[in-house]
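A quick write-up on the structure given underneath.
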Amino acid sequence: MREPELPHSPTAIELLFDPAAETAIRAEWEALAAHGMSSLARHTSASNSPHITLVARIGLPKVDPRVLVDIPSFPITLGAPLLFGSGERRVLARSIVPSAELIGLRETILTAIGPGDDAPHTAPGEWMPHVALARRLRIADLAAALELIGGDVHGHAHSVRHWDPATAVITTLAEMRQA
């Protein structure tokens, strides 16, 4: 049974990485693309930065940026690959090691926006922090794709943004202060 289609894409609050970690993730995107596989390297819009989706929801309320003032940057580790979905094509992603700081940031945001109908992949109790590498990777390409993904990537939280796909507006909510 298919899930009912949403009337439009949910808006999202996302965590972005420091430049070195972003470069490492983009290198994995490029490696997949160079081998003719599905990859986020082919998605060239301004919104396509490596990120962790903290919450996604239709009708996501505005977040008062003051809630996020003075949040320090914190370490983030990208770990083992993950597969989401079913069928012949899957989402290939990197797991994110959940730290107390990451979970705390997400809880701060969830408190600020209040309860709502979150997208299934970001609903409380369902959220699995990850960074997508490919959205429609063929299962037949999985073994080769895994050969192109390196070891753990260590980076830092850089900023928090709000992404509204209906208007194509990206709003920076907070720049993380360096500790």
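The table that follows gives values for the structure above.
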{"quantity": "Check on T172, within 20 Å of T11 (Cβ to Cβ), surrounded by 14 or more Cβ atoms within 10 Å (Cβ to Cβ), of a type in the set (S, T, N, Q) and touching a Ser or Thr at 6+ places or on another chain (Cβ under 7 Å)", "calculated": "no"}
{"quantity": "Residue in the stretch 56-66 that is within 16 Å of the chain's Cα centre (by Cα) and modelled with pLDDT under 95 present", "calculated": "yes"}
{"quantity": "Qualifying strands (runs of 3 or more DSSP E) (wholly inside the stretch 1-113; at least 1 residues being within 27 Å of G150 (Cβ to Cβ) and of a type in the set (K, R))", "calculated": "89-96"}
{"quantity": "Selection count, the stretch 78-97, where residues are under 18 Å from the mean Cα position of the chain (by Cα) and surrounded by fewer than 16 Cβ atoms within 10 Å (Cβ to Cβ)", "calculated": "6"}
{"quantity": "Residue selected from the stretch 99-124 under the condition surrounded by 12 or more Cβ atoms within 10 Å (Cβ to Cβ), under 30 Å from A140 (Cα atoms) and of a type outside the set (G, A, S), by the criterion modelled with the highest pLDDT", "calculated": "T122"}
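The values are calculated or read from the model by the stated rules, or taken from the named source; none is laboratory data. Just so it is clear, the structure is predicted and the values come from calculations on it, not from any experiment. Positions of Cβ are generated from backbone atoms using ideal geometry, with glycine treated the same way; all protein chains shown enter the neighbour counts.
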